[in-house]
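Since the structure comes first, as structure tokens, the remarks are kept for the end.
The values are calculated or read from the model by the stated rules, or taken from the named source; none is laboratory data. None of these values were measured; they are calculated from a predicted model. Because the Cβ atoms are built from the backbone with ideal geometry, glycine has one as well, and the counts that use them run over all protein chains shown.
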Amino acid sequence: MPDVRLVNVTKRYGKIVAVDGVNLHIYDKEYFSLLGPSGCGKTTLLRLVAGLVQPDEGEIYIGDMLVNDVPPEDRDIGFVFQTFALFPHMNAWDNVVYGPRVKGFNMKKAETIGHEVLEMVKLHERLDAYPNELSGGMMQRIAVARALAAGAKLLLLDEPLGQLDAKVRNEIRYEIRRMTKDLELTAVHVTHDQAEAMAISDRIAVIKKGRILQIGTPTELYMTPKNIFVAHFIGESNFLEGYISSLNRKGAVIELRGEVKVQAEAPKKPEKGERVVLAIRPEAFVIEKGIKKKENSILGTIERTTFEGTNIRYKVRLENQDLIVVVKPSLVEEWLSVGENVTVSFSSGKTRAFTYPAEGLRKELTVE
């Protein structure tokens, strides 16, 4: 089974740099996701690997083979599109066995493969149905089955669940991962849905404006983001602006607006007086009614409460006028109410401090 390597790959469309000097290694049998906002270049990256577009610079390897000049049909890949792209005049069976027949497999082998993959996607009983007689989830499973039937060692998925409703999407994503793992395929999955990427990926590349900002496991990206955008795009974070008041063994004392001082982890190469942004996950806060004196505690008032099923979301206006979000499990004995005075606190080990971005915080957080 192949691994995939991109070495200094760049793709331009006129003045637009869709992929900007990307270096990437996707390992054999890995389920890898390309994650980022719309227009960030993730689909272009996938199309480069597929051979549907050619790089302006750099090299692309599948296994040990340089494939820059290799046509798509000779790259031994399966491609699953967001739009399903099934042949409307063919039933499910003919769509699935199309690949083996085109590759010249004999009828018996093609039929054996067709039955195997239809059983795998649990649609063997619908082999006579045409695409317009199938639900969205069924059509997507047929699209995956068609890609698998062609004998591809590398499966490329371009927003494969984008047209499905939330319930079906959650079910199908695990089925796709299960099938690729059972068949020991290498899979590259493009999505803008961070929850989807986090749920099914071995590793994820977060992309913005054609560049990879960070590659890591879902846990690494969530717990140790390397920059402000990743902390913002993966999960949810509160961002508090301040500057380093002093340095100590625990990290740094950061002074926020209103002369509120908190202990936090220091950014790389910290300097006293340096302007920083403190990132804190909503679930990292402890929220208590009334005034509590403890380390890293800030007084505030609840401005809004939202019931989200498993969680309660509180919007809290801090005493220095910063607005934060605190998320807590809904299965608690007492919920807090709008207008109540509260104390929010956090552990210094559950924060990330970043150097203040040169273009400003709002620009850095913009999802384009």
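Taking (1) at pLDDT 95 or above; (2) surrounded by 14 or more Cβ atoms within 10 Å (Cβ to Cβ); (3) over 24 Å from residue 354 (Cβ atoms) in turn, residue 328 satisfies each apart from (1).
Looking only at residues of segment 5-20 that are more than 22 Å from residue 233 (Cα to Cα) and not hydrophobic (A, V, I, L, M, F, W, C), we find that the one that is nearest to the chain's Cα centre (by Cα) is 5.
List, please: which pairs have Cβ atoms under 8 Å, are six or more places apart or on different chains, and start with a residue in segment 46-59 that is in the same structural domain as residue 71 (by TED's automatic domain parsing) and end with one that is of a type in the set (Ser, Thr, Tyr)? That search, which allows pairs on different chains as well, returns 53/44; 55/10; 56/10; 57/10; 58/10. Say whether the condition of being touching a residue at least 60 places away in the same chain (Cβ under 8 Å), over 29 Å from residue 64 (Cβ atoms) and over 12 Å from the mean Cα position of the chain (by Cα) is met by at least one residue in segment 209-222. Checking segment 209-222: at least one residue is touching a residue at least 60 places away in the same chain (Cβ under 8 Å), over 29 Å from residue 64 (Cβ atoms) and over 12 Å from the mean Cα position of the chain (by Cα). Across segment 289-297, a minimum of one residue is classified as assigned to a strand (DSSP E or B), under 19 Å from residue 341 (Cβ atoms), outside the structural domain of residue 9 (by TED's automatic domain parsing) and of a type outside the set (A, V, I, L, M, F, W, C). Filtering segment 284-324 to residues that are over 20 Å from residue 256 (Cα atoms), out of contact with any Gly (no Cβ under 9 Å at 6 or more places or on another chain) and not polar (S, T, N, Q) leaves 288, 289, 290, 304, 307, 308, 309, 312, 313, 314.
If the condition is being over 21 Å from residue 322 (Cα atoms) and either surrounded by fewer than 18 Cβ atoms within 10 Å (Cβ to Cβ) or hydroxyl-bearing (Ser, Thr, Tyr) (or both), then segment 228-247 contributes 246, 247. Going residue by residue through segment 311-333, is there one that turns out to be out of contact with any helix residue (DSSP H, G or I) (no Cβ under 9 Å at 6 or more places or on another chain), of a type in the set (S, T, N, Q) and in a loop (DSSP other than H, G, I, E, B)? Checked against the condition, which is being out of contact with any helix residue (DSSP H, G or I) (no Cβ under 9 Å at 6 or more places or on another chain), of a type in the set (S, T, N, Q) and in a loop (DSSP other than H, G, I, E, B), segment 311-333 yields at least one hit. Pairing each residue of segment 296-310 that is touching a residue at least 24 places away in the same chain (Cβ under 8 Å) and over 15 Å from residue 255 (Cα atoms) with any residue that is surrounded by fewer than 14 Cβ atoms within 10 Å (Cβ to Cβ) and of a type in the set (Phe, Trp, Tyr), provided the two are 6+ apart or on different chains, yields C-beta distances under 7 Å for 305/335.
When 205, 199 are checked against the criterion of being of a type outside the set (Val, Ile, Thr), in the same structural domain as residue 24 (by TED's automatic domain parsing), crowded, with 22+ Cβ neighbours inside 10 Å and within 27 Å of residue 153 (Cβ to Cβ), 205 stands alone in meeting it.
Does residue 81 meet the test of being within 29 Å of residue 117 (Cβ to Cβ), without any contact (Cβ under 8 Å) to a residue 60 or more places away in the chain and surrounded by fewer than 20 Cβ atoms within 10 Å (Cβ to Cβ)? No, not satisfied. Looking only at residues in segment 165-179 that are of a type in the set (A, V, I, L, M, F, W, C) and surrounded by fewer than 19 Cβ atoms within 10 Å (Cβ to Cβ), the one that is nearest to the chain's Cα centre (by Cα) is 166. Scanning segment 257-280 for residues that are under 30 Å from residue 308 (Cβ atoms) and crowded, with 20+ Cβ neighbours inside 10 Å returns 262, 264, 277, 278, 279, 280.
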